[in-house]
1. Skipping prolines and chain starts, which residues have an amide H placed within reach, meaning under 5 Å, of the one on ASN210, given they are 5 or more residues away or on another chain?
2. Arrange the residues THR111, THR162 by how much accessible surface each exposes, largest first, with a 1.4 angstrom probe.
Amino acid sequence: MTPFHCGPPHITVAGAAALALTLALGLSLGGCADMSASQRGTATGAGIGAGLGALIGAGSGGGGANRAAGGAVLGAAAGALAGNIWSNRMEQQKRSMEQATRGTGVQVSQTADNRLKMDIPSDISFDTGRADIKANFRPILDRFAATLAENRASSVSIVGHTDSSGSDAINVPLSRERAAHTRDYLATRGVAPERVEVEGRGANEPIASNDDNAGRARNRRVEIYVAETAPR
């Protein structure tokens, strides 16, 4: 007669890692339907962290299945704290900027990694070959600075872009200068410069064709990102 085993089933190291990863992804994806934006960000971070923790634990030798399970738990805790969060302050900031930019052509959105993004087109922000801020861009930046004062936990990244006219030797410095001028204007409205990172990417990331004037105008733009990280 085959002996009856009442203990736990044998789980291989690879099986434990795969199981933990499956459960982690289920948590991060399947469990998000009824969650708020902030909760979804935390759950996704927890799921990814759990999966990575399981794989690391399984590959570290010695008691692999238990290590995989333990790694999943630790990874979930770390992943839940990592990355950006979408707080009530961020939601309020998004709504405020949507109201301030309505009808201007500025696009305000929440990114997949829980950042607030504003796309500023060239007809509002900068003329061709120039980094001077236009007059109709200033009221938008004024309101934006006010929202940053209300959400001091957030940080800002400003990315400048150009069309393909001219060489990289011209376009990359110009795009960065546009981002820097935007930062400098915010500083005159009370935003600490150390909260703002600037970057220029020249013509390397077009969002439209550079073969016509309309496309080139769309590519001459500034993107502003706001992030709030989870407290540690």
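1. Long-range HN contacts for ASN210: none found.
2. Largest to smallest exposure gives the sequence THR111, THR162.
The values are calculated or read from the model by the stated rules, or taken from the named source; none is laboratory data. All figures in this text were calculated on a predicted structure; none of them were measured in a lab. The accessibility values were calculated without ligands, DNA or RNA, using every heavy atom of the protein model including side chains. Shrake-Rupley method; radii C 1.70, N 1.55, O 1.52, S 1.80 Å.
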